[in-house]
1. Which listed residue (L71, T54, G44) has the Cα farthest towards the positive end of the charge dipole for the range 32-104, taking +1 on Lys and Arg C-beta and -1 on Asp and Glu C-beta about the Cα centre?
2. Can you compute 3J(HN,Hα) from phi for each residue in the range 90-95, using the Karplus curve 6.51 cos²θ - 1.76 cosθ + 1.60 with θ = phi - 60°, rounded to whole Hz and x for Gly and Pro?
3. In whole Å, largest first, what are the principal axis extents of the Cα atoms in the range 32-104?
4. Could you sort 16-22, 57-63, 72-78, 39-45 so that the peptide with the highest average Cβ count within 10 Å comes first and the rest follow in order?
5. Please report Rg over Rh for the range 6-48, where both radii come from the alpha carbon positions and Rh follows the Kirkwood definition.
6. Quick one: what are the phi-derived ³J(HN,Hα) couplings along the range 62-78, Karplus 6.51/-1.76/1.60 with θ = phi - 60°, whole Hz, x for glycine and proline?
7. What's the FRET efficiency of E50 with E93 using the Cβ-Cβ distance as r and R₀ = 30 Å, to the nearest 0.05?
8. Where in the range 82-98 does the label zone of M57 land, with the point 7 angstrom along Cα→C-beta and an amide N cut-off under 18 Å?
Amino acid sequence: MQSGGDGESSSEVRKRVKLARERQTRRCCINATLSGRELQEACGLDRAGEKLLTGAMEKLGLSARALHRILRVARTLADLDGCDVVTQPHLMEALGYRQFDRQTGKSSVVSA
């Protein structure tokens with residue numbers, strides 16, 4: 001951010017957020033209100049994604065609640081990318097945010 005690089009303009013980001021919200025609404029509701037079962041279905045993880053999450057749970061000692069928060073963020077990232085399923089890069093980014101939160105003691109991500 002401080003480098004002054006060529007990032008997305010505010011209007012471009014606004015469009016992506018609007019489209020992501022529309023995707024969530026079409027699916028049934030916004031990601032923040034999905035139950036655990038609905039969240040699992042909405043993410044559509046493949047075997048590799050499930051393996052990644054299982055390993056993260058064991059290595060990081062994540063609770064089910066923490067796992068759901070990570071899935072919500074990953075689902076939102078996928079929506080912002082226009083993806084129907086959550087992919088490994090979405091999971092990795094969501095896990096990275098989780099690690100950042102734990103290191104800083106702050107919440108860097110608004111509830112998805």
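1. Positive-most Cα among the choices belongs to T54.
2. Residue by residue, the range 90-95 yields 5, 5, 5, 5, 5, 5 Hz.
3. Computed over the Cα atoms, the extents are 30, 24, 21 Å.
4. Listed from highest to lowest mean packing, they are 72-78, 39-45, 16-22, 57-63.
5. Values: Rg = 13.5 Å, Rh = 12.0 Å.
Result: Rg/Rh = 1.12.
6. Ordered by residue, 3J(HN,Hα) equals 7, 7, 4, 5, 5, 4, 5, 5, 5, 5, 4, 5, 4, 5, 5, 4, 5 Hz.
7. Working: r = 17 Å, r/R0 = 0.57.
After rounding, the FRET efficiency stands at 0.95.
8. Zone members listed by number: 86-88, 91-92, 94-96, 98.
Values quoted throughout were computed directly from the atomic coordinates according to the rules given, and no laboratory measurement underlies them. Predicted model, so just to flag it, every value in this text is computed and none were measured. A quick note on method: Cβ atoms are made from the backbone with ideal geometry, for glycine too, and the neighbour counts reach across all protein chains shown.
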